[in-house]
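Data block below; observations after.
What follows is calculated from the coordinates using simple rules that are stated; it is not laboratory data. Predicted model, so just to flag it, every value in this text is computed and none were measured. Positions of Cβ are generated from backbone atoms using ideal geometry, with glycine treated the same way; all protein chains shown enter the neighbour counts.
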Amino acid sequence: MTRRDSSRKTFVSGRVVVMLLALAYAVIYSSVCFTKYRYYLYRDFDFPIFAQAIERMLHGSFYVSIRGMNWLGDHSSLILFPLAPLYAVFRHPLLLLVVQSVALGLGAVPVFAIARRELGSDRAAVGFALLYLLHPAVGYTNLFEFHPETLATPALLFTFQFLLAHSLLPGLIAAGVALLCREDVALVVLPIALWALWVHRRAGMRWSIALAGMAIASLVLSFVVLKPAFNLGEAGYADMYESWGASLGEVATNILRHPVAAASALFATPGDPAGSMAKQSYYLLMLAPLLFLSIASPLTLVLALPILAEHFLSSRQVQHTIVYQYTALVTPVFVVAAILGARNVASWLALRIAPSSAAQGKRPQPRAARRATNAAHGANTERPASVESASPLRVRMRSTAALMMTGLALIASLVCNWLYGPLTGGGKVAGVVPPQRNVPNSEDRTKKPSRDRMMKSLPPAGGVVAGFEFLSHVARRDNVHSAHHLFRGEFTYSRRPYPTPTEISAFVADPGDAHLRGYVEPRTGERLHALIAANRLVCTDAAGDLVLFRSDARDTLTLIGPERQPAEVPAFVTYDSIVVYRGVDRITETVGPGEFLEIETHWRRVADTDRLYFLILGAYDASGRMVLQQIRHFGYAVDPLAAWPLGADMFERYRLLVPDDVPAETYSLTASLGWARGAETNLSQPDDPAIRAQGMVVLGRFAVNATR
């Protein structure tokens, strides 16, 4: 077997290994996504937006009711058009999660090709493919909802591969696919266009002109055509940069006028030490899994500056972390820079360790021959001024050094994944916490039957207003609204008022859910009552704070109303001179794990209030250890305390879910009050000194059975 045949066989073997790694990645992450979907762990509305967008596209409409606008005016995610035929065959939102996992997994293929070309080692190339798949940012991007820009990650990597290999047409196709994913992909493609001139000199002119033209065309299409035509104020993303200007044009002008301030904003937020720490940690968290090799290719690393500026000049701190989708366009640059950085370091080490051609008594190659040799071995963006032909020893040293660095980088990557990886991190690093759970906890498992029941009992026709966790499950309907818009009263990233939805057959949401609770404000109850009245909805089911209202129901459930009879266990405790706790009906003595504890409390509002009140329920064991806590809005956010009749005795019925991991024991059930007014929150003060000292009232005692 010739050396060329052996090299080709090794390449085929390496490519097979990488494809298997990519397949394993796609299977593992798709499985996690399936679990998240099954247990209602998707707690934002991005995934449902695109699921409904592609569903409505198949019906000839571009309007997405979940976002409340034509999706062409939101983000220019034109990649949905080529995805539509595939979705038409596999008609389910889960397809988008699988596509995302497969696409990110395929990013390992161009990483392998680039590393093999630049490092001259198949094993090192396989190692870098694994480094990409293990990078925490890739995993976090994969698991946080579905976003079309994540499909740009592999497309940009293919663009780099074909550019470095002088394959113009495939490279332009890859760049075109990337630009279809979102409008800000142009902020990466434009720098790559300039980088092509540096990499290929005159030969890169065609690359530069073509890439720059495509990027500019994408920006013109997005900001001159689509957004002015289809964004009628529902999305005001310029508000994220209000400290830099009132419009995107003014923001760009001020950045050019104050370049030093803009550059410093990449590393610090004036007057915000925590925000500054988050930005600085970002670079550490992104570079450490790559052994900081990206720094050794600074002219490649700088390609990420425009997209980093887009994120770091924003006031939204979620854009300054690695746990959301905002690394999707940064990761390809950092990974390619790491490969070229490893090549540069390996070449530097080989140059100093291995003897040169001249030292071995060989004549240096003519300049033209050196250029041809260099081109054959790939472009070197940081090539020394004069490069001699590599001796066999130097080639071996370079390959060995590259392999050693890859091994060290893999060790660093495993350590980083143990510390803050999406599947194994476990919150060991402060500030790196997944925004959504990837596996169900006890609460998710015990809530699932209630959620499933309510989904099955939705009317087959009509619109739905739903909480975050339900949106992806009803996204195939044409009239779906996110409950947080009703709670907040405005469109997302906009000051435009959100209208009361009509033709609604069901409202299902959990105002006590941590992801939805923060959207409740003083007028939330008023807007929900308008929704209920306009669509003739009645409450038919409740589980904890999760409530279901339907328009076609015969059996109704009263959760709050005028007191029918005095409390079985009377009390009289006044909080903040505004609300009086008047007692509780006797609670169930025993309950099984994963079951509900029935609670009926009695209250009276004695003064007007501008505060939002919430009830804090807790369960304590005999040693005083709290085993369960539930923070919830009075009246399920539908009937807040401020709307209760003044001086009227009211009752509120609640079913407290006991998670399935609560030990079998007897517990004390307690309650305390808190309030919120704008950004201010505090505990309410009871007039009873004894209760004030204790901090809570005891509602009763209950026992948890050993089995359900």
**Study point:** Debye intensity ratio in log₁₀ form over the Cα atoms of region 442-550, taken at each q of 0.17 Å⁻¹
**Key:** -0.77
Exercise for review: Divide, for region 2-123, the radius of gyration over alpha carbons by 2.2 N^0.38 Å, where N is the residue count.
Suggested key: 1.40
Study note, to complete from the structure: Going fewest to most other Cβ atoms within 10 Å around each Cβ, K428, K227 line up as K428, K227
Revision key, fill the gap. Here region 666-683 yields Karplus 3J(HN,Hα) values (6.51, -1.76, 1.60; θ = phi - 60°; whole Hz; Gly and Pro given as x) of 9, 10, 9, 9, 10, 9, 9, 10, x, 8, 9, 9, x, 8, 8, 9, 6, 8
Review point. What are the residues whose amide H is under 5 Å from the amide H of L628, where those residues sit 5 or more places off or on another chain and H is modelled from the backbone?
Key: A619
Check your understanding: Counting only DSSP beta bridges with both residues in the chain, what percent are antiparallel, rounded to the nearest 5?
Key -> 85 percent
Check your understanding: Taking H as built 1.01 Å from N, whose amide H comes closer than 5 Å to the amide H of V569, not counting residues under 5 places away?
Key -> V584, D585, R586
Practice item. Please get the size of the charge dipole for the chain, origin at its Cα centre, with Cβ charges of +1 on Lys and Arg and -1 on Asp and Glu, quoted in debye to the nearest 20. Key: 4140 debye
Point to revise | Table column - 3J(HN,Hα) (Hz), region 308-322, Karplus curve with 6.51, -1.76, 1.60, x for Gly and Pro | key: 5, 5, 4, 7, 7, 7, 6, 7, 7, 5, 5, 7, 9, 10, 9
Review point. Among 149-159, 290-300, how do they line up from the highest to the lowest mean number of other beta-carbon atoms within 10 Å?
Key: 149-159, 290-300
**Study point:** Antiparallel content of DSSP bridges confined to region 442-550, in %, to 5
**Key:** 60 percent
**Study point:** All-pairs Cα distance distribution in the chain, expressed in whole percent, bin size 10 Å
**Key:** 3, 13, 21, 22, 17, 12, 7, 4, 2, 0, 0
Point to revise | Amide proton proximity set for I504, modelled H, under 5 Å, gap of 5+ | key: G463
Review point. What is the distance in Å between the Cα centres of region 140-216 and region 594-610?
Key: 58 Å
Revision key, fill the gap. Expected vector for region 163-173, Karplus 3J(HN,Hα) from phi with 6.51, -1.76, 1.60 and θ = phi - 60°, integer Hz, x for Gly and Pro, equals 5, 5, 9, 6, 9, 5, 4, x, x, 5, 5
